[in-house]
Amino acid sequence: MNLSTLFAIALERTPDKLALEYADAEQPGRVEHYTYRELYTAVERWAAALQGLGLQKGDRIAFFLSNRAEFVIAYLAVIRIGAVMVPVNLRYRKREINHILHDCTAKILLTETAQQSVLDELEADDLAAVERMLLVDGAESWLGDESAPGPVVVQGEDLALIMYTSGTTGRSKGAMITHNNVLATVTGLLSAWAWEREDVILLPLPLFHTHGLMVGLHCALAAGATTRLRPKFDLAETLDVLGSGGATLFFAVPTVYFRLVESIRGMDLKPDFSRMRLFCSGSAPLPAETHNEFEQLTGLRILERYGMTETGMNFSNPYAGPRMAGTVGTPLPGVFGRIVDGQGNPVQPGVEGEMLVRGSNVFDGYWQDPEKTAASFSTDAEGIRWFHTGDLARQDPETGYVTLLGRRHELIICGGFNIYPREIEEMLCTFAGVVEAAVVGMAHPEWGEVPAAYLVCNGTLDEEALTVYCRSQLASFKLPRRFHYIEQLPRNAMGKVQKHLLPR
C-alpha cells in the first residue's frame with residue numbers, strides 16, 4: 001500500500017461526501033468546496049500535467065505555498081506519480097530557501113503570486129537547481145488537457161516527502177519520509193484517536209509542517225472525514241466555528257490555546273463546544289496552567305501528544321482515559337520508546353534521560369547526509385536500531401506516562417546539577433503578570449552555567465517579589481540569576497520558541 005491507495009478508500013466508499021472546504025476569513029463569501037470525487041478528478045488532472053512537464057518518480061518538487069485548496073490537490077498529485085514533495089516554511093527567506101532548493105535539487109518550485117516578492121529576492125544561483133517555477137493561481141495556463149497520468153508503480157518504501165527540520169540549532173536537515181513512515185503514523189492515529197467518517201476538522205495549521213499535514217490532513221483523508229482548511233488561525237472565526245458545532249476536531253499549538261483561554265476567560269457567555277469530541281495540542285510543550293484553565297472554562301480536556309519531523313507521531317495521552325497535564329502519555333500503536341542515560345543504558349522509571357524511539361513511523365535518514373544520519377541512530381545489544389530524539393524525558397513509575405523535560409542541548413548544568421528549563425518556565429508563568437517565559441543557560445565562572453529568564457509580561461513586574469516567589473518554589477541552584485524583559489519570544493511557524501534567537 002502507498003498513500004494514494006490509502007486515501008482512495010474514501011473515494012470508493014463516499015465519493016459525494018464533502019472532503020475539503022477552503023475559506024479565508026479576510027475574503028468573506030469566497031469558499032471552495034470539493035467532494036471526494038471532485039477532489040480526485042482534480043488530482044488526476046494535476047498529476048497528468050506535472051508528469052507532462054517532466055516530473056518523474058523520485059523527482060523532488062518544492063512547495064512554497066500557503067494553505068489553500070491547490071496545496072492539497074498538488075500534493076496528492078505528486079504522491080500519485082511517485083514524486084517527492086518538499087514543503088518549504090513560508091517564513092523562510094533567501095538563505096534558507098537557497099539551502100533547501102540546492103540540497104534537495106528540486107526540479108520544480110510550486111508557488112503562488114502572494115509569495116512572488118520573497119522569491120524576487122532570490123538570485124539566479126539560488127534557483128539554479130530548479131528547472132521550472134509554476135504558479136498555482138495560474139494553473140490553467142499549464143494544466144493541459146490530459147485527465148489522468150500514465151501508469152506508475154509506487155511502493156511503500158518509496159520516498160513521499162523530504163521535510164526539513166526547523167533548524168533551531170543549525171542548518172536545517174532534510175528528513176526522508178517514506179510512504180510507509182506516513183502510513184504508520186496515520187493508521188496509528190486513526191485507531192488511537194477514534195477517527196470517524198463523520199468527523200469535521202477545522203485546520204488552520206500550516207500544511208508545510210508535520211502537525212498540519214500528517215496529523216491533520218492525512219488523517220482526515222484516510223478517515224473519509226471533512227477538512228475545513230484555513231490559511232491561518234483566526235481567533236474570532238475559530239470560536240464561531242467551534243462554538244456553532246461546525247467541527248468535531250481541532251488541532252493547534254500551545255500559543256493558540258493560550259489565546260483561546262485568554263479570550264474565553266473574558267466572556268460572560270462561554271462558547272458551547274458540546275459537539276467537539278477532541279482538542280489536541282502539539283509541536284511545543286503545553287503549559288499545565290493553560291491545560292487546566294481550558295478545562296475549567298470549557299469542561300473539555302486537551303489531549304497532548306508528542307511527535308517530530310523525523311518520526312511523525314510517537315506518544316499520546318489516551319483518547320479514552322486520563323489526560324495528564326504536562327505529559328505526552330504513552331507510545332502510540334507500533335511505536336517503541338526507551339529512556340537512556342549518557343552511556344545509552346536504559347534508566348528506571350522516574351529517572352531522567354534521553355528519549356529514543358523506533359517503529360515503522362521513524363524516518364530513513366537525512367537526505368544526502370550519511371554522517372548526521374549515523375550520528376542520530378544507535379544499535380542496542382540485540383541489534384535493534386533506535387533513533388535519538390534529542391529530547392530529555394522522564395517516565396512516571398505509577399502511570400507510565402512520559403513527561404518531556406526539554407531538548408538535550410538546552411539542558412543547563414550548574415555545579416554538576418541538571419536543570420531543566422521547562423520546569424522553571426512553567427513555575428514563572430504561575431506568577432501574576434508573567435505571560436510567557438523562556439529559560440536558557442548563562443555562562444558563570446564558578447558554576448559553569450546558571451539559569452537566565454526571558455519574560456513577556458502583562459504590565460510592570462515587581463522583580464523583588466518575583467525573586468522571593470522563585471525562592472519559595474525552587475531549589476537554590478535553579479533560581480534564575482537574571483531576568484530579561486522582552487515584548488515577545490521568538491518563535492517558528494509552529495509556535496516553538498527559538499531560544500538561539502533570544503538577545504544575549
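A few notes on this one:
- In the stretch 422-442, of all residues being buried (at least 17 other Cβ atoms within 10 Å of the Cβ) and either in the same structural domain as residue 323 (by TED's automatic domain parsing) or small (Gly, Ala, Ser) (or both), the one that is farthest from residue 323 (Cα to Cα) corresponds to 441.
- In the condition set (1) more than 29 Å from residue 375 (Cβ to Cβ); (2) under 25 Å from the mean Cα position of the chain (by Cα), residue 498 is compliant with all but (1).
- Test: residue in the stretch 80-100 that is over 24 Å from residue 172 (Cα atoms), among the aliphatic types (A, V, I, L, M) and touching a residue at least 24 places away in the same chain (Cβ under 8 Å): yes
- Filter result for residue 460 (of a type in the set (S, T, N, Q), without any contact (Cβ under 8 Å) to a residue 40 or more places away in the chain and part of a loop (DSSP other than H, G, I, E, B)): yes
- Strands (runs of 3 or more DSSP E) fully within the stretch 362-421 counting 1 or more residues that are buried (at least 20 other Cβ atoms within 10 Å of the Cβ): 385-395, 402-407, 412-414, 417-419
- The residues of the stretch 443-465 that are more than 23 Å from residue 285 (Cα to Cα) and either surrounded by 15 or more Cβ atoms within 10 Å (Cβ to Cβ) or more than 33 Å from the chain's Cα centre (by Cα) (or both), listed by number, are 444, 445, 446, 447, 448, 449, 460, 461, 462, 463, 464, 465.
- The stretch 267-296 - residue that is of a type in the set (Ser, Thr, Tyr) and under 30 Å from residue 309 (Cα atoms) and, of those, modelled with the highest pLDDT: 281
- Matching residues, the stretch 14-30, being modelled with pLDDT under 95 and either surrounded by fewer than 13 Cβ atoms within 10 Å (Cβ to Cβ) or touching a Leu at 6+ places or on another chain (Cβ under 7 Å) (or both): 26, 27, 28, 29, 30
- Residue within the stretch 112-125 that is at pLDDT below 95, within 23 Å of residue 162 (Cα to Cα) and in contact with a Lys or Arg (Cβ under 9 Å, 6 or more places away or on another chain) present: yes
The rows are residues; the columns are (1) in contact with a helix residue (DSSP H, G or I) (Cβ under 9 Å, 6 or more places away or on another chain); (2) not charged (D, E, K, R).
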position	(1), (2)
239	yes, yes
245	no, yes
261	yes, yes
270	yes, no
274	no, yes
297	yes, yes
319	yes, yes
323	yes, no
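- Residue in the stretch 6-13 that is surrounded by 23 or more Cβ atoms within 10 Å (Cβ to Cβ) and in contact with a Lys or Arg (Cβ under 9 Å, 6 or more places away or on another chain) present: no
- Residue count for the stretch 184-210 under the criterion of being in contact with a Leu (Cβ under 6 Å, 6 or more places away or on another chain) and aliphatic (A, V, I, L, M): the result is 4.
- The set of residues from the stretch 467-496 being in a loop (DSSP other than H, G, I, E, B), of a type outside the set (A, V, I, L, M, F, W, C) and touching a helix residue (DSSP H, G or I) at 6+ places or on another chain (Cβ under 8 Å) comprises 480, 490, 495.
The values are calculated or read from the model by the stated rules, or taken from the named source; none is laboratory data. Note that this is a predicted model, so its numbers are computed, not measured. When we count neighbours, we look across all protein chains shown, and the Cβ atoms used for this are built from the backbone with ideal geometry, even at glycine.
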